[in-house]
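Worksheet for the structure shown next.
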Amino acid sequence: MKKKLTVGILAHVDAGKTTLSEALLFRSGMIRKLGRVDHKNTFLDTNAVERERGITIFSKQARFSTVSCDWILLDTPGHVDFSAEAERTLALLDYAILVVSASDGVQSHTRTIWQLLEFYRIPTFLFVNKTDLAIKPSETLLQELAASLSPQCVAFFENDTKAELDEKLALIQEDFLETVSLGEEISDAEIADRILRRKLFPCLFGSALRMQGIDFLLDSLDRLTCAPIYPEAPFGAKVYKIARQGNTRLTYMKITSGHLSARDEVRYLATDRQRFCEKVAQIRLYSGEKFEQTDSVSAGEICAVIGLSATYAGQGLGCESDSCRPVLEPVLSYRIKLPADCDPRVFFPRLKELEEEDPSLHLYWNEELRQIEVRLMGEVQTELLRRMIRDRFSVDCELDAGKILYKEKIASRTVGIGHFEPLRHYAEVQLLMEPLPKGTGLLFDSRLSENQLDRNWQRLILSVLYEKSHRGILIGAALTDTKITLVAGKAHLKHTEGGDFREATLRAVRQGLMTAGCTLLEPYYRFRMELPSRHVGHAMSDLQVRCAEFEVESATEDITVICGRAPASKLHGYTRELIAYTHGEGRLFCTSDGFEPCPEPDTIVAEAQYDPEADIENPPHSVFCAHGAGFTVPWNEVEHYKHLDAGINLSAAEQSLLPRPARLAKQYNLSDEELEAIMLREFGPIKRRRYSEPRVQSAQKSKHTPHHKASKLHRKLMIVDGYNLIYAWENLKEIADFSLEKARETLMDILSNYVAYTKTEVVLVFDAYRVKEGIGSDFTHDGYRVVYTKENQTADAFIEKMMFELGPDYDVRVVTGDRLLQFSAVHSGILRTTAKEFLAEVTLIGNEIESFIRKLAEE
């Protein structure tokens, strides 16, 4: 039986990605005529704007077959302005082909794509294109790939013998070295396994336009890939695109488990949380613009479904969960100027159809200015948007010059109070609001007992927090990197309604922001500038004026490459200046690099002229009742009128009295080997039974031993050193190299399963001692405790203090790779577990969970 695989082609713009797609389809026999981008007749670039500009804008799919595999090919955009479209396809891929231009080498956007491939853990082949035009030899290009992307990049030359290939593989893999030293050959299955686990990245060379290396690439894909294993049931699918053909709405999805048939009912939640149950009217299998209709599709297939009216890109259907938030976000905001005879409020719902099809078009209605705004990645998208509006709605519109999209975060820890009590209404809400590290986003939680406020009211408050687009108080920008926790709430048995808690909750958020203040965050670009060496002085002077951090990556007599990062507002529009003073020879490539505190907040706030107290959609004041009538209390006086006391201490927390392990290590200058020898000599090796399910004593046995004194039940507690575990486990370390936030989330998910299965109390501690003015945080996640330490307090010090304070009612275990912390644990009579041992335990439990789920599915 043939393998069924989905492969995506990704690249920096102009690397030859679409040309490679054409070559693969032509050599596999899928198309009879070879199209060209410059001739505007390629099989996949069918949009008019795509053919005019010679770039891919929308992801397309095609189908072809090799000897042992049926392939679904996804061609993705390469331009940085459409990188969000490329990112959405990554969740569907089994394998990826990263195309690198031999003449340009590894570009800035190539690195961004590589980081995304690492983030989504996608096995990758590299194809170095345009070798017929390259000046550098293949060996030099391979060295650049190894230095810029991964040292596991290995050249697979078409004229290599098997012995030569095995020798190169043995240099990067120890187990391959052992195989070769024994005189044995490395099998294709072993190579495919390393590729699948991202331990090996084959690098192939050729020219897609000249059809060089294409057959070898097809043969390598056929031999060196593994078929994925999909669950047979239940049904699950991942939506990645919405499109329209006339009045027909198409939902593109990949089936990830089970199967889907025409006339099946699909249940799902829309973006407004409304429940839908709709029948599948038709299933289409597309290849380019052509499609064939089918009655049923199974796991691994990508299809377009007709009949679903409210699905959205990134949605999970059936047993599949929604995709995580995109890593790449827009940084520019534009105002859409419509003709005088076109009412913006009436036209806005029609424009939202375009956002369904291209989620990177973030459309918003600004009620204050009564205008439509759109948030984009870059200027090339503006032309596409104008063209789409003209073609779809026959309306000619314009976009203004664009402005930078700022964000805000709360400046310090505070409790926001919201009270809503007009006559015959009552609700009070108090929210603990805390700043979070960069890139965390908004987090919502409740630490309120149901004895204090009914569960239904708490759920309503959290729903209001999730649904509302919260704004800051400086310029009204979107709020981010803030945790909001419900700490107090009160309802009236007779007069409280759902709308009362909505009003109180939103007023509490605004009152907290007004009390603590906000920090203005500005988007930053990571850039790569290539220009003639004679203009380097001019460029460096410009970059210094623009508050950029940069360094010279390489320099020759002709070309200099400068890399760095700078505020997006400073680099906005600089490309035109660069082209002007270099006479068209300079190039600037920018990619989004998150948000940082704005260097000039006062200027931005003054220009915005935003008055948070005059924002009628987000009032900070509360409403109280006296003498049968409601009256408004200003936000800065609510503290004196509140009915509840949350009992939150906002003062600086006490410093740890225990010495830091790092200081002890410096003082005594002990190596890991010396510490291990001390522990073995004093306490012996670690001895403990492997985890097994607890045995339940029978009632009959207990009945015959009434004279035995009942043993005291000890509570199991495990303390986990979070960052130590992340950097000790290889898979978490690879994730952390790209996104520490994602690594933390992955570890927390692993511990959620562990806690649910073993019923062990867990405290997960993360080190935040370097966070300036950090006050720490302590919250519950999926039934266990998560702690972020305070400024100048290490996780080691916190754990040592916790071990010291725990009473005799706990059986405590500390999971860490820190030898000093292990020494302290043993000295305190507490079990110690290394990161390696805990990984083995978690793996065993994971296998037991999978076995249990498999048994349930079979029943």
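The values are calculated or read from the model by the stated rules, or taken from the named source; none is laboratory data. Quick caveat, the model's predicted, so the values are computed rather than measured. Every residue, glycine among them, receives a Cβ derived from its backbone with ideal geometry; neighbour counts consider all protein chains shown. The accessibility values were calculated without ligands, DNA or RNA, using every heavy atom of the protein model including side chains. Shrake-Rupley method; radii C 1.70, N 1.55, O 1.52, S 1.80 Å.
Tabulated values for the structure
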quantity: Radius 13 Å from Cβ of Ser446, net charge of other residues (Lys, Arg +1; Asp, Glu -1); calculated: +1
quantity: Three-way shape label, the stretch 186-252, alpha-carbon gyration tensor, a/c 1.5; calculated: oblate
quantity: About the Cα centre, charge dipole magnitude for the stretch 153-233 (Lys/Arg +1, Asp/Glu -1 at Cβ), debye; calculated: 440
quantity: Surface/4 estimate of mean projected area, convex hull on alpha-carbon atoms of the stretch 415-560, nm²; calculated: 11.4
quantity: Rg/Rh for the chain, where both radii come from Cα atoms and Rh is the Kirkwood radius; calculated: 0.97
quantity: Heavy-atom surface of the stretch 95-148, accessible at 1.4 Å and reported per residue (Å²); calculated: 35
quantity: Computed helical MRE - 222 nm, the chain, DSSP H runs ≥ 4 contributing -39500 (n - 2.57), nearest 500; calculated: -9500 deg cm²/dmol
quantity: Anchor Lys337: lysines whose Cα lies under 23 Å away (excluding residues fewer than 8 positions away in-chain); calculated: Lys352, Lys403
quantity: Dipole of the chain, positive end: most advanced residue of Leu384, Ser287, Tyr524 [Cβ charges, Cα centre]; calculated: Ser287
quantity: Solvent exposure of the stretch 480-569 as accessible area per residue, Å², 1.4 Å probe; calculated: 40
quantity: Distance between the stretch 176-245 and the stretch 27-63 - C-alpha centres, whole angstrom; calculated: 24
quantity: Integer Hz, Karplus 6.51/-1.76/1.60 couplings in order for the stretch 555-571, x for Gly and Pro; calculated: 8, 10, 5, 9, 10, 10, 10, 10, 10, x, 9, 7, x, 4, 5, 7, 8
quantity: Projected label distance in nm at Leu844 and Asp219, using a 7 Å step from Cα toward the beta-carbon; calculated: 4.8
quantity: Distant-in-sequence amide H partners of Gly213 (H built 1.01 Å from N, under 5 Å); calculated: Ser207
quantity: Farthest toward positive dipole pole in the chain [+1 Lys/Arg, -1 Asp/Glu at C-beta], among Gly476, Leu844, Met1; calculated: Leu844
quantity: Bridge type composition, the stretch 349-502 - antiparallel percent by DSSP, nearest 5; calculated: 75
quantity: Residues with amide H under 5 Å from that of Glu596, placed H, sequence gap 5 or more; calculated: Glu522, Tyr524
quantity: Highest-first arrangement of 339-345, 213-219, where packing means the average Cβ count within 10 Å; calculated: 213-219, 339-345
quantity: Partners for Lys716 among lysines (Cα-Cα distance below 23 Å; same-chain residues under 8 apart left out); calculated: Lys687, Lys759, Lys801, Lys836
quantity: Order by protection proxy (mean Cβ within 10 Å, highest first), peptides 621-627, 428-434; calculated: 428-434, 621-627
quantity: Magnitude of the charge dipole, the stretch 365-456, Cβ model with Lys/Arg +1 and Asp/Glu -1, debye to 20; calculated: 220
quantity: Accessible-area composition of the chain, carbon plus sulfur, in percent [1.4 Å probe]; calculated: 50
quantity: Ranked by how many other beta carbons lie within 10 Å on average, peptides 437-444, 4-11, 161-168 from highest; calculated: 4-11, 437-444, 161-168
quantity: Percentage, to the nearest whole number, of Cα pairs in the stretch 1-105 over 16 Å apart; calculated: 56
quantity: Cross-link pairs beyond the 18 Å C-alpha cut-off, checked among Lys33/Lys290; Lys254/Lys742; Lys40/Lys60; Lys409/Lys733; calculated: Lys254/Lys742; Lys409/Lys733
quantity: Cβ charges +1 (Lys, Arg) and -1 (Asp, Glu), total dipole of the chain, debye; calculated: 2120
quantity: Derived scalar couplings ³J(HN,Hα) [the stretch 544-553; Karplus, 6.51 cos²θ - 1.76 cosθ + 1.60; whole Hz; x for Gly, Pro]; calculated: 5, 5, 8, 6, 8, 9, 8, 8, 7, 7
quantity: Unit charges at the beta carbon, dipole of the stretch 381-485: most positive-side option, Tyr426, Ser412, Leu465; calculated: Ser412
quantity: Charge sum, other residues only, whose C-beta stays under 11 Å from Arg424's C-beta, Lys/Arg counted +1 and Asp/Glu -1; calculated: -2
quantity: Charge sum, other residues only, whose C-beta stays under 13 Å from Lys279's C-beta, Lys/Arg counted +1 and Asp/Glu -1; calculated: -1
quantity: Additional length obtainable on full extension of the chain from Leu363 to Leu831, 0.36 nm per residue less Cα span; calculated: 163.0 nm
quantity: Relative contact order computed over the chain (Cα-Cα under 8 Å; 6+ residues apart), in percent; calculated: 8
